[in-house]
Amino acid sequence: MEPILRTDRLRVEYPPSRRGDPPKVAVKDLSLEVRQGEVFGFLGPNGAGKTTTMSVLLGFLAPTAGEAYLFGVNVRNPIARQRIGYLPELTYYYRFLTAEEILRFYARLFGLNGVEAERRIDRLLKLVELEHARNRQLKHYSKGMQQRVGLAQALINDPDLLILDEPTSGLDPLGRMKVREIIQRLKQEGKTVFFSSHELGEVETVCDRVAIVHQGELKVVGRVDELVRTHQANLEQVFLKIIGYPTCLAA
Amino acid sequence: MRTLLALAWVVIKELYRRKDFYVLFVLTALITLVLGSVNFFEDTLMVRYLREVTLLLIWVSALVIAVVTAARQIPAERESRTIFPLLAKPVTRGQVVLGKFLGVWLASGLALALFYGFYLVVGAWKAASGSLALGLQAFWLHWMMLAVVVALAILGSLLFSAPSVNSTICFVVVTGILLLAGHLNTLAAAQPGPGGALMYGLYFALPHLELFDVRDLMIHEHPPVPLGPLVIATLYAAVYAALLLVAAWWVFRRKPLST
Ligand SMILES: Nc1ncnc2c1ncn2[C@@H]1O[C@H](COP(=O)(O)OP(=O)(O)OP(=O)(O)O)[C@@H](O)[C@H]1O
Ligand SMILES: [Mg+2]
């Protein structure tokens, strides 16, 4: 079966900050496949190239070399993005709008309005627990509340593939648990989730498979249970070992 | 269209929920009212003077609102990073440019309507309303001119990284055109050589925004403008705005949006 998300020897270079320097290679020959119905963790230390890879998948950046496909359609074609939901990292949604207005705006971009849109908005605000604040402008929201708005907007079109960039960042333990529950529910509904995270404990509980990237290169990809079994360690220890942390597994 | 209206709606909501627009309006109103309440000239002169000042304030305020709002749009989307969830929806970059343009232009139209309404109220108060038809025409022409200005500022916002730099450049360019563009041909005739040729070139290439300024007709109570020139001016503005928007789309289309 055609993978839902596929990258083929993807390479992304950023122009150098000073003239004469070599370009900064953020992603090197990355080949990945994510299958239908999988929860896939995209892991790596800060600056590994996770957000950059997602930017290519969403068409914000053109790859320097290689190709990427969503639902078998090259990401250069906007059609590839019809059935996805995307949660960007660190976004400050429209300050002058309320959560309800923001979701209504995004719904309209998918051609949803009227009763159907309102029903979805109600359901999503309940899901991310923002019902009490739905009529407050976002400038009065805390960071975690903004992140919840982000999660709600990513789900507005009932997408088949979710691309989430650090969905739990900024959330309290309860919010994190909630995100875990949401991801598990999406999986039960047969959706595919591709997400980056630094919370390896969480990743271990929700993911089927993970990939670990370091300095733009794919270091390992595999089933979480197999990685844990072959390395005789938990995911965090496996991660540290793979990125070459010197004192790894010392404890 | 649905997408464009949705994008425009966000711009309009933002403008009326921000306070800076009201400040300009209140300032214009205050200055006009203070001037209007002192009668230091004979009556007809006083009325003309009052009209001149009010219209000048309206022109300056409308320009500030249009340029600053337009220049802010796309950079603010990038700064807050909302451009990412936006473009991850079925929205093209061309639609973002057009939607933002539509929003800013409609919002400036609303602001402008308020200003012209105020102008009429002041006229009625001083028992010198002038022609209502001419007032409406002036509003219409002014609004069409703002379409060109808004498109210019949106293009600028994609070329210059800092909104303040872009705003300043737009002000200088627009004011320059308003004050000089009409005289470029005379200047060119007086100047031989490449300088003159350049001025001729500019004279034909630049949008003649000064043609949309009918303040003198209002001040001196001329009859309304005939329909023909009005239609031509409207089309003229539409062509320039469209050209600038195509250029903006061209620049934005290939721009890498790194996070
Ligand atoms: N706009 C840019 N210009 C130049 N280099 C960039 C740019 N954005 C990212 N980089 C570089 O590309 C590399 C990958 O960055 P990226 O944001 O993809 O990392 P990440 O895996 O998402 O990290 P984090 O976990 O911190 O979010 C980093 O070395 C970063 O410095
Ligand atoms: Mg990142």
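Assorted remarks:
- Relative to the current alpha-carbon distance between residue B:33 and residue B:132, full extension at 0.36 nm per residue lengthens the span by 33.6 nm.
- Two-site label geometry, residue A:31 and residue A:123: point separation in nm, points 7 Å out along Cα→Cβ: 4.0 nm
- Label-point separation in nm, residue A:158 to residue A:137, each point 7 Å along Cα→Cβ: 3.4 nm
- Global geometry of the stretch B:94-207, whether rounded, prolate or oblate, following the gyration tensor of its Cα atoms and the 1.5 cut on a/c: oblate
- Total charge dipole magnitude, chain B, about the Cα centre, Cβ charges on Lys, Arg, Asp, Glu only, Debye to nearest 20: 1280 debye
- Between the stretch B:116-166 and the stretch A:98-126, the alpha-carbon center distance in angstrom: 35 Å
- Computed about its Cα centre, the charge dipole of the stretch A:67-211 is approximately 400 debye, with only Lys, Arg, Asp and Glu carrying charge at their Cβ.
- Cross-link partners of residue A:126 among aspartates and glutamates (Cα-Cα below 18 Å; sequence separation of 8 or more within a chain): A:100, A:101, A:116, A:118, A:158, A:172, A:181
- Cα-derived Rg over Rh, computed across chain A with Rh taken as Kirkwood radius: 0.98
- Kyte-Doolittle mean at least -0.5 and Cα axial length at least 30 Å: DSSP H helices in chain B: B:43-79, B:93-125, B:132-159, B:227-253
- Percent of C-alpha pairs per 5 Å bin in the stretch B:2-253, short distances first: 1, 6, 12, 16, 17, 15, 13, 9, 6, 3, 1, 0, 0.
- When Rg and the Kirkwood radius Rh are both evaluated on Cα atoms of the protein assembly as shown, their ratio Rg/Rh stands at 1.08.
- Helix-derived mean residue ellipticity, 222 nm - over chain A, DSSP H n ≥ 4, -39500 (n - 2.57), to 500: -10000 deg cm²/dmol
- Only Lys, Arg (+1) and Asp, Glu (-1) charged, at Cβ; the protein assembly as shown dipole about Cα centre in debye: 480 debye
- Once exposed loop chymotrypsin sites (Phe, Trp or Tyr not before Pro) are cut out (DSSP; at most 12 other Cβ, 10 Å), longest piece of chain B: B:42-259
- Exceeding the 22 Å Cα-Cα cut-off - candidates A:28/A:241; A:24/A:241; A:143/A:241; A:28/B:89: A:24/A:241; A:143/A:241; A:28/B:89
Here, each number is a calculation from the coordinates, and none is a lab measurement. Keep in mind that what you see is a predicted model, and the values were worked out from it rather than measured. All Cβ positions, even for glycine, are placed from backbone atoms using ideal geometry, and neighbour counts span all protein chains on display.
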